Every structure is written in C-alpha cells, then in structure tokens.
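Working notes for the structure below.
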Amino acid sequence: MPLVPLLLWTLIVLVAVSIVASFKILGLLLMLGTAALVGALANAVIPGRLPSGWVGALLAGMAGSWLGGMLLGHWGPRLFDIYLLPTLIGAVIVVFLVQIVSGVFGSRSI
C-alpha cells in the first residue's frame, strides 16, 4: 500500500477520533454545568449557605441527581442527560441534609 493513502487514512481517523472526543468532553462539561446550576438553585431554595461555594453547589447537584434518580426515577424535562425535576428535588434534599449536618457539627465550641 502506498504511503500517501495510508497517511491520509490515518489523518482522517485521527480527526474523527478527536471530534468524537471533543464532543464527549463538551457533553461532560455541559452536564457538570447543569449540575452546578441545579445545586446553586437548591442552595437558593434552602436558607443558609453551602460550604465550598460553587464546588459545593456542583457536588450537591451531582449528589442530588443520583438521589433524585434513586428515589423518584427518571422523568420530567431533560437537559444534557440530566432529568431536571428529580435532580432539583434530590439536590434540595442534599442541601437540607448538609445544612443540618453543618449546623449540628459546625456549631460546636471548645
């Protein structure tokens, strides 16, 4: 097989793989952004503040997505592979539990 067509096919395969990888990375970033927004919205619903700022909101959104999916199933509108209503309800539960735990363990004075 001549060298030029082999190099051309190799280049085409590399470009195709990089396009697929970039869409997967973009999808992951959009999913994490959606989880962070849902966590921030849950933080706004529950009085008090989440520890760690936007990282805490992201973690609350991700944990809320898992908890909401386990408790309520997968239904409602979906954005970037995240079901918004179960995720929001789960994130509110997670933020509420974090507020209780941080209030109980964070208010100790020595």
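The values are calculated or read from the model by the stated rules, or taken from the named source; none is laboratory data. Everything quoted here is computed from the prediction, not taken from an experiment. In this analysis, Cβ positions are derived from the backbone assuming ideal geometry, glycine residues included, and neighbour counts consider all displayed protein chains.
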Inset, instruction - Filter region 69-94 down to residues that are of a type in the set (G, A, S) and either free of Cβ contacts under 8 Å to residues at least 12 places away in the same chain or more than 15 Å from T34 (Cα to Cα) (or both), then give me how many there are. - result: 3
Inset, instruction - Mind counting the residues in region 49-68 that are free of Cβ contacts under 8 Å to residues at least 40 places away in the same chain and part of a loop (DSSP other than H, G, I, E, B)? - result: 2
Inset, instruction - Quick one: count up the residues across region 25-48 that are in a helix (DSSP H, G or I), more than 17 Å from P77 (Cα to Cα) and β-branched (V, I, T). - result: 2
Inset, instruction - State whether the residues of region 1-19 include one that is assigned to a helix (DSSP H, G or I), of a type outside the set (A, V, I, L, M), at pLDDT below 80 and under 22 Å from F80 (Cα atoms). - result: yes
